[in-house]
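The values are calculated or read from the model by the stated rules, or taken from the named source; none is laboratory data. Please read all numbers here as calculations on a predicted model, not as lab measurements. Please note: Cβ atoms are built from the backbone with ideal geometry, for glycine as well, and neighbour counts cover all protein chains shown. The accessibility values were calculated without ligands, DNA or RNA, using every heavy atom of the protein model including side chains. Shrake-Rupley method; radii C 1.70, N 1.55, O 1.52, S 1.80 Å.
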Amino acid sequence: SLGGRQEPPGQEEEVVKISERFGDFMENCNNKFWVPVRQEGGRWISLSSSSLVPYLPWTPGQPNGGRHQACVEAKFDKLNGSFQGYNDLNCAKSIRCFFCKLNTLQKFSLRGMCKEAITDTKFVMSVDMQNSNRPHWKGYRTTEISFSSSSSSWLLMDTSSEKVVATYNESSHWPVGRHTWRIPPGVCGSQGGRRELLLSSCSSSEFSCGDGTCLPLSSKCDGISDCKDELDERDCRVVEFPTQKQYREVLPPVERKAGGGIIPTKVTVGVDVMSITEIMESAMKWGCKLQLNLTWVEGRVRWRDLRDKTNLNIISQVGSGQDTGGQKWPVGQQRKP
């Protein structure tokens, strides 16, 4: 969620450098930290690439936990601080410090804040070594996000006025993802309140889960839950209908010119013979049931969350934004928005 990656060390020198980056390694981490390696099918693989890990400096007698101890820790001597090697351990019951590699200039975006606040929407993250290695975000202009030890909360602050515009205190680790922030009075109106904000490192071609994990947009509404909170499979409407004006799917859109005149819509008319109702040979006549089809380019509605698999794009025929339970029609056959 911080836009970093966990890669196993390739040699002892890397392991030692990682331990040196922890603040007070002996006291805070008890001379141990997680190594991003996991056992699967009797093989020790990298968490990031799922490939075999070539560097595994096991301590004597390790690994010894079989499939019940599928995770790895790096252990250092408590007296002289020297690197001793790797141990296997239980993934669910063991608590250790962990590390990840972050880009020097990791970019983030903040969404959901009211316009009245005039806060930055683009941020650059750095790690505050003096504040328990916590991340710190600095906006492109005058806004920053930092952790306050005195209030045990994250603050969204305007540095030019030193005014706090939002507060989040449900986690001391980091506020990345979709969370509810407290907004003080006078920021988004006279009354204070709560507002859901999204702090994410995801690009425009990615979808952000509630915890800030980035997924390809193709994973959105594909019928498979990839987010832990299943946010990628919520609100999977294929068509978004207008809510600010009347919409009737049986009538073409009507627009007006600046002078008040009506702009006509190009409508294609088609007729389908549905059935033959009667045939009169002596009179050389026949009767039939016809269906009149009107087709136009529909600019009042928008597609959203279209899937690569076209069978997932079949929707119900609707009117005024409500499902009438009528005929099913696949995207691309009628009413092209």
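For the reader, a short list of remarks on this structure follows.
- Pairs meeting the criteria (first residue in the stretch 233-249 and in contact (Cβ under 8 Å) with a residue 60 or more places away in the chain and charged (D, E, K, R), second residue assigned to a loop (DSSP other than H, G, I, E, B) and open to solvent by less than 80 Å² (accessible area, probe 1.4 Å), beta carbons under 6 Å, at least 6 apart or on different chains) are Glu240/Arg304.
A quick yes/no check of all residues on (1) free of Cβ contacts under 8 Å to residues at least 40 places away in the same chain; (2) exposed (fewer than 13 other Cβ atoms within 10 Å of the Cβ); (3) farther than 17 Å from Asp120 by Cα:
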| site | (1), (2), (3) |
| --- | --- |
| Val164 | yes, no, no |
| Glu170 | yes, yes, yes |
| Pro175 | yes, no, no |
| His179 | yes, no, yes |
| Val187 | no, no, no |
| Ser190 | yes, yes, yes |
| Leu197 | no, no, no |
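- Residue list for the stretch 212-231, restricted to those being open to solvent by less than 60 Å² (accessible area, probe 1.4 Å), in contact with a strand residue (DSSP E or B) (Cβ under 6 Å, 6 or more places away or on another chain) and either under 22 Å from Gln106 (Cβ atoms) or without any contact (Cβ under 8 Å) to a residue 60 or more places away in the chain (or both): Gly212, Cys214, Leu215
- Residue match in the stretch 251-271 (condition: in contact (Cβ under 8 Å) with a residue 60 or more places away in the chain and within 37 Å of the chain's Cα centre (by Cα)): no
- Residue identified as closer than 28 Å to Pro216 by Cα and either surrounded by 14 or more Cβ atoms within 10 Å (Cβ to Cβ) or touching an Asp or Glu at 6+ places or on another chain (Cβ under 7 Å) (or both) among Gln6, Gln62, Gln69: Gln6
- Among the residues examined, Gly85 qualifies as open to solvent by less than 60 Å² (accessible area, probe 1.4 Å), of a type in the set (Gly, Ala, Ser), in contact with a Pro (Cβ under 8 Å, 6 or more places away or on another chain) and over 20 Å from His179 (Cβ atoms).
- When the stretch 286-337 is filtered for residues that are at pLDDT 75 or above, of a type in the set (Val, Ile, Thr) and open to solvent by less than 70 Å² (accessible area, probe 1.4 Å), the ones remaining, listed by number, are Thr295, Val301.
- None of Arg21, Arg43 is touching a Leu at 6+ places or on another chain (Cβ under 7 Å), surrounded by fewer than 16 Cβ atoms within 10 Å (Cβ to Cβ) and farther than 30 Å from Val164 by Cβ except Arg43.
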